[in-house]
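In what follows, a single structure is set out as structure tokens and then discussed.
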């Protein structure tokens, strides 16, 4: 949807877009693309609020870089590369993410020609975040996708290789595995019953190991609130698990054994793999986190 | 053995295990794109868009990983550099100038360095107290005061130009002074390390305590001065490290480690250059202690305890609980005390093979 010319001019000045010699019409297109992406602008007041809240200077810089302005590129590289490299090192301290960071530059510059036009990755930047955060997000996305792809491609160790894990030497306790499986199933159901926001909080804290402060920031709440909510959610899960186990027909003693089966375990475990051991397969690695 | 607390621990353990198990689901149309994720992180999502994003991520392993990856790189933006225009620097100009003045004052007038220092906990407490009194303590320093007045007198345009010109130099200078300060402090503290049966620590001169805290109190949270770590030695000679800025300094100040999130870096030149050291751990590390130049203990969230005995390769030490760890003190590669986030202390005297609650 076209944006009022006066508003474009004001935002253009606000963005200092003339510094990079961004044509006004190009900047207006970027604003329109951003508003269209967000589906903002049902009312003109709402549209203006949305556009004014954008990271306009970064949007102007992105426009200039997408157009191949040399001084804008120089500024962008000088300003963003240290952040990008440090983000890459934070993602993979072994340096494995640096190549991802480097490869981003080619895409940002837009080497691929489509109908004679350079298509830059910058066209996906709409100014709703800072350029730094956007670059981190692009890098994080690439990194995660590569990890997930590699994980899928990882071959299982050969039975005879030294990597193959030995079969358990101690006799398997089928009753304990039954309890583990029961409590795992009930936990899964209990988590599924939670509101999405509670599940997200659990995922941030337990799966991604974010701090309470980071979790809180993501959810727009104070870390103390995150802490309280996590405690509340854990209580709710436990109550639900206990209720389900009783409904399943377990006695109080058996319910207690279910919980004990978890706490007796010596280390982090992947229940599925542990259960596979019971069916004659290999034991999981004792410590998945290291 | 089936107490309510144990059941809670079982639930927590199960949650950690089941939620951390890799799930194979791939990208879908509703997965967050990088722009939306970035907008969320920067507070650019609201209303239905935010709710939609949260609902999706709650059940999408891929997007959860992306959110986690973003969080791991958060520290990157908290660090200073590069030259990011003028405006972000302006709010820090006054405290930076004051910090520089405070450091200069301290370097120029060193305290009684032969006085034994307090145990780590006491120094931390003192630092916290001084931090709380920041305006008053700064106000008592003529140089800081003068700097503030001088800065305040400058016109807005002058300030802008001055900031641009001074900020990088100021940062370098503060870093250099802080490094000097650390070396002096370490040199002065060395005899105390050698004498394990040293008498109980006396109260350090007020000036030293104030100096130790002044730069940190005055500097912005992410300023380079925050990199200054304070090495503390307790009365009985046990070496501990205050990781005020996540630096763990060994008895030889040239050798040190620093942690940021799950990243560990090692320096052999007093912090001038750093090399990343792989640990294989994704959990956030929170504290460390380096009783020698080769031995360093690190602790982190979820019961993570790491130990190196050659300075570079790390092994995970088994810890009896999955709980967040907040501090560690160590005398060598066998003996260490670890504090949990809820205030308990566990000690080992066999390199982590067994742990005892104290």
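No value in this document is a laboratory result; all are computed from the given coordinates. As the structure is a computational prediction, the values presented were derived from the model and not from experiment. Every residue, glycine among them, receives a Cβ derived from its backbone with ideal geometry; neighbour counts consider all protein chains shown.
Results, tabulated for the structure shown:
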| read-out | value |
| --- | --- |
| Fully extended contour minus Cα-Cα distance, from residue A:53 to residue A:6, at 0.36 nm per residue | 15.3 nm |
| Shielding by partners - mean other protein chain Cβ count within 10 Å, residues of B:55-63 | 5 |
| Per-pair calculated FRET efficiency, R0 = 41 Å: residue B:28 and residue A:222 via Cβ, rounded to 0.05 | 0.80 |
| Rounded FRET efficiency, nearest 0.05, which uses the C-beta distance separating residue A:263 from residue B:335 and R0 of 25 Å | 0.35 |
| Label-to-label distance, nm, for residues given as residue B:275 and residue A:105 (7 Å Cα→Cβ offset) | 2.5 |
| Residue exposure sequence - A:128, A:81 - by fewest surrounding Cβ within 10 Å | A:81, A:128 |
| Nearest-0.05 FRET efficiency for residue B:342 and residue A:213, computed from C-beta distance (R0 25 Å) | 0.90 |
| Exercise: per-residue mean of other protein chain Cβ atoms within 10 Å, A:190-199 | 3 |
| Estimated distance in nm for a label pair at residue B:318 and residue B:5, the labels positioned 7 Å out from Cα along Cα-to-Cβ | 2.3 |
| Residue A:145 versus residue B:326: modelled label distance in nm, points set 7 Å from Cα along the beta carbon direction | 4.1 |
